[in-house]
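S.K.: Structure provided below as C-alpha cells; questions to follow.
Rule-based calculations on the coordinates, nothing more; no lab input. All of these numbers come straight from a predicted model, not from anything done at the bench. Cβ: placed from backbone, ideal geometry, glycine included. Neighbour counts: every protein chain shown.
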Amino acid sequence: MMKNYSGGSLLNNGQTPNHIRERNGRKCTSGGGGLLRVSLRGYGFCMGALFVFCFGSLFYQLNGGPPQILLDIRQYLGMRGKYLWSVRMGGRRPYSPKDRLARHLGSCPHTRKANKGDSTFQDDHQSFATRVLTFPSQVVYNRVGKCGSRTVVMLLKLLAERHHFNLVSSEIHNKTRLSKHEQITLMTQITSIPEPFLYTRHVHFLNFTSFKIEQPVYLNIIRDPINRFLSNYFFRRFGDFRGEQYHLKRTPNMKDEERYLDINVCILENYAECSNPRIFYIIPYFCGQHPKCREPGVWALERAKQNVLENYLLVGILEELEDVLLLLERLLPQYFTGALDIYKGPDYMKMGKLTSTVRKYTPTLEALQVLYHRMSYEYEFYNFIRDQFHLMKRKIGLKSQARPPAFTHEFLHELAIGTPEPLEEDEEMDTALEDANSWPIQM
C-alpha cells in the first residue's frame, strides 16, 4: 500500500483532500442557492397572504364594524381565562363590554351649571374620568311601560330558577322620577342585592357614577312609539283578558266621558292625554332624572342617545323580540340561556294570547299623521335604537329585516299589525304626572 507522507492515504480514485474540500465547497454553494430560491418563494407566498388578509380585514371593517366586537363578545362568553363567568360568582371584576360605543355625540349639550339654590337635584351626567363598567353580575332593566316588559319579567322568573341568579322586580309602577334622596336610596338598595342579580323597575335612567357608586350594566326594550301609545290608551280604559268589569274597579275615578272618549277626537282636538308632554314618554327612560329630560326637545333626545351608547349593553325593539332574546342569550348567557326556547314554547305562547288589550282599534290616517308629527323626537330616538340594534345583529351574524325609517302612508297602515301584543303591565298612574318643578325635595 502506498503511503501518503502528508499524513493521509489516497482516497476516492486518487483524489487528495484538497480536491475533496474543493468539491464540497461547490456543493455547499449549490445548496445555498437552492435555499435562497426556497426562501424567496416562501417570502412571496407570505406577502401574498398578508395582502389578502389586510384587504379582507379592511373589507370587513367597512361592511360590518370594527373587529373589537369580537373581543367584546369573547369577554361576555367567558373566554378570558381567569375571568371565566360563573352564575354563582360573588366577586366583582372589571370588564369593558362595548368599547365601540365609547364614542361621544359631539353636538349634544351635556352640562348644566347649577344656579344658586339648585340643591334639589343632581345633574346625572357630569363629566368623570373614563371608567370601566362592572363585571356583568349586576344588571338593571329599567323597563319602559307598554313595551313588553311583563313578557320579559315572566321569562326572567323562569330563568332565575334555572340559572340561580337573584331576580328583584319592584312592585312600584307609578314613580319613575326620583328626588336626589330617593335616587341614592334606590341605588343603595340595588347594589346591596347579592350577586349575580338582575333588578327591574319602571324608572328613568339612574347614573350611579354621578353619585360615586359603581355603575351596573343596563338593558332595555322599546317599541314603535305610536303602537306603544295606542296600547296604553286602550289598556287604561278597558284592560286586558281579566275583563272590563275588573278594569272599571281598578280605575274608579275615571269618568265615562273620559273612558269612552274616541281616540280620534282626543288626538285631533288636542286633549292633554294625546299631546305633549304626555306622549313624550320613551326618551325620559334613557335621558335620566334631570328635569329637562321630560321636556320634549333636542337636549333630552341627545342625552338619551349618549346614555344608550355609554351605559347600555343592549336596547332591543319589541317588533323583533325573538332576536332580542337571542342576542341576550349570547351577550348574557348566565342570565338568558334558553330564553328563546321558553318564549317559543306552546304553554308560554298560549299565556301571551290571553293577555292582549281589549277593544283596541287603529285611529284614522289623519289622526295618525298628527300624532306622528307630535312624536317626532320619539321616532328619531326609536329609529336610532333600531339602527343600533340592527348593527349589533349584523356583528353577531343575524340578518336584519329593516322597516321604513321615514313617515309613509304604508308605514302607518302597518301599525295595527306590525307589533305582536306582549303581556300588558300597568303604566304610570296620573298621580305621578305632577309638574316637573314640584317633585324634588330638599336634602
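S.K.: Taking amide hydrogens as modeled 1.01 Å from N in the peptide plane, which residues meet the under 5 Å criterion relative to V140, leaving out close sequence neighbours?
M.R.: Those qualifying (amide H under 5 Å, at least 5 residues apart or on another chain) are Y199, V217, Y218, L219.
S.K.: Let me ask something additional. Checking the table K157/K395; K157/K180; K157/K399; K180/K212 against a 19 Å threshold on Cα-Cα, which pairs fail? Each step should come with its number before you reach the end.
M.R.: Values: K157/K395 29 Å; K157/K180 31 Å; K157/K399 29 Å; K180/K212 13 Å.
Exceeds cut-off: K157/K395; K157/K180; K157/K399.
S.K.: Need one word for the stretch 258-377: rounded, prolate or oblate. Basis is the Cα gyration tensor (sqrt eigenvalues a ≥ b ≥ c); a/c below 1.5 gives rounded, then a/b vs b/c decides.
M.R.: Details: a/c = 2.90, a/b = 1.28, b/c = 2.27.
Here the stretch 258-377 falls in the oblate category.
S.K.: Ordered by packing density, taken as the mean number of other Cβ atoms within 10 Å over each peptide's residues, highest first, how do 198-211, 179-192 rank? Each step should come with its number before you reach the end.
M.R.: On the way: 198-211: 21.4, 179-192: 15.9.
Averaged packing, sorted descending, gives the order 198-211, 179-192.
S.K.: Long-range amide H contacts for D224: which residues qualify at under 5 Å (H placed 1.01 Å from N, peptide plane, sequence gap of 5 or more or a different chain)?
M.R.: Result for D224 returns L318, E319.
S.K.: Let me have the relative contact order for the stretch 289-350, percent, based on Cα pairs under 8 Å that are six or more residues apart.
M.R.: It rounds to 15 percent for the stretch 289-350.
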